1. Return the residues of the stretch 293-331 that are open to solvent by 30 Å² or more (accessible area, probe 1.4 Å), in a loop (DSSP other than H, G, I, E, B) and of a type in the set (A, V, I, L, M, F, W, C); say none if nothing qualifies.
2. Considering (1) touching a Cys at 6+ places or on another chain (Cβ under 8 Å); (2) at pLDDT 90 or above, say which one K66 fails and leave the rest.
3. Output the number of residues of the stretch 196-213 satisfying the condition of being part of a helix (DSSP H, G or I) and open to solvent by 60 Å² or more (accessible area, probe 1.4 Å).
4. Please state which of the following conditions S346 fails to meet, knowing it meets all the rest: (1) of a type in the set (G, A, S); (2) under 23 Å from L270 (Cα atoms); (3) in contact (Cβ under 8 Å) with a residue 40 or more places away in the chain.
5. Please report, ordered by residue number, the strands (runs of 3 or more DSSP E) entirely within the stretch 1-43 with at least 3 residues that are in contact with a strand residue (DSSP E or B) (Cβ under 7 Å, 6 or more places away or on another chain) and without any contact (Cβ under 8 Å) to a residue 40 or more places away in the chain.
6. Answer yes or no as to whether K90 is within 18 Å of N239 (Cα to Cα) and at pLDDT 95 or above.
7. What's the number of the condition T358 fails, among (1) of a type outside the set (F, W, Y); (2) loosely packed, with under 14 Cβ neighbours inside 10 Å; (3) touching a helix residue (DSSP H, G or I) at 6+ places or on another chain (Cβ under 7 Å)?
8. Collect the residues in the stretch 243-292 that are of a type in the set (K, R) and assigned to a helix (DSSP H, G or I), keeping them in residue-number order.
Amino acid sequence: MFPSYAKKIENNKLDVEQKLLLTKSNLTVDLDKCTGCGVCIDACPEEAISRGPIGAVGRGKAQVAKIDVDPKKCSYCGVCNIMCPFDAVKLTVDGKPKLPILEQQVLPQLVKDAKIDPEKCTLCVLCEEVCPRDAIKREVADVDQGHKAASTNTKYVLDFKLDEDKCTLCGICAELCDAYKIDYKEPTPLTVKKIGKLTFDEKKCDYCQLCISACPEEAIKLERKELAKPKLSGKVDINLDECITCSWCQVICPQEAAKVNKVFEGEYELVTEKCPAGCSTCVEVCPANALYIPPVEEAGQKPGKLMYNKDFCMFCGACINACPADGTIKMKRTKINWKGEETNLSKKIADKLMAEKTPKIQGA
């Protein structure tokens, strides 16, 4: 009989399926990417998505999905696919990616806007080191250890000048340095003033400048001019499928090469006096590493209170859904980064997403 429904978890992916007479729709949730933020729950027009024990899963205390999908309630419209900031939800129809809700222009698209300016980027490793989601693609030519210094060394040209009127061919420079050589001639009464010729080999010079200071006649002038600064070959880019617009790369980049516009903007407040003692659930589930507890620096020192860095918060809501205590966090989204015309559906979704969020114990 049609429609028929199925649901399974395989390879750490939750798959719900609807079979009709001529088509088959699958909604797949990548449980490795899913944070339980709840954006899909608020966005679902059919209320087909519910949340699981997010805090317990985040702490490794439960091996279940952070969200659940009712295959019979789901309309397989693709709203959750569009709205997920973690690219964790995918809709396919007959095995091919398909978003009916976009095709019908019923919903604008959530935009991830993050990029690196190649003109400013020096190909350093900072953004790659701090990115909490491994979204930085750093494709830089490998250099083996034995040739690392030589291959990245700045290139110079030496400008050597000899004042032949001052030079007496005394030979001090040639005694001090292999870059100098004097070819002496057989002395005769005619060549008593010029008994040879001084030559300079630039390849043997390391610009120590000892020859300049040792020349008694100040006949040598030597300058080193920089041709080009060292530049690694390659590029650094951002994988938008993995990027969560947390802005770690933008904040740490010393060249201001990374530019990120967050998917959500908002306001955030911690009510630490309501935090359960010894709990760090929100820190453990935060996908952007925006929440932290200051470390204890000295023996006997009291643990610091929970803190957050607004620069990195992406206002996803995972901390709110995971927190085991009421009212410890207050979050309100003030902006959604959409692309496309506003619709009745997008207004309903925005109203839910932009309502103030605070932890509330389920069933209380």
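The values are calculated or read from the model by the stated rules, or taken from the named source; none is laboratory data. Small disclaimer: the values here were computed from a predicted structure and weren't measured. Note: ideal-geometry Cβ built from the backbone for every residue, glycine included; neighbour counts use all protein chains shown. The accessibility values were calculated without ligands, DNA or RNA, using every heavy atom of the protein model including side chains. Shrake-Rupley method; radii C 1.70, N 1.55, O 1.52, S 1.80 Å.
1. Those that are open to solvent by 30 Å² or more (accessible area, probe 1.4 Å), in a loop (DSSP other than H, G, I, E, B) and of a type in the set (A, V, I, L, M, F, W, C): I293, V296, A299.
2. The single condition K66 does not satisfy is (2).
3. Here the count works out to 5.
4. With (1) of a type in the set (G, A, S); (2) under 23 Å from L270 (Cα atoms); (3) in contact (Cβ under 8 Å) with a residue 40 or more places away in the chain applied to S346, the lone miss is (2).
5. Those strands (runs of 3 or more DSSP E) span 13-19.
6. Considered against the rule, which asks whether it is within 18 Å of N239 (Cα to Cα) and at pLDDT 95 or above, K90 comes out as yes.
7. All conditions pass for T358, except number (2).
8. Correct list: K274 only.
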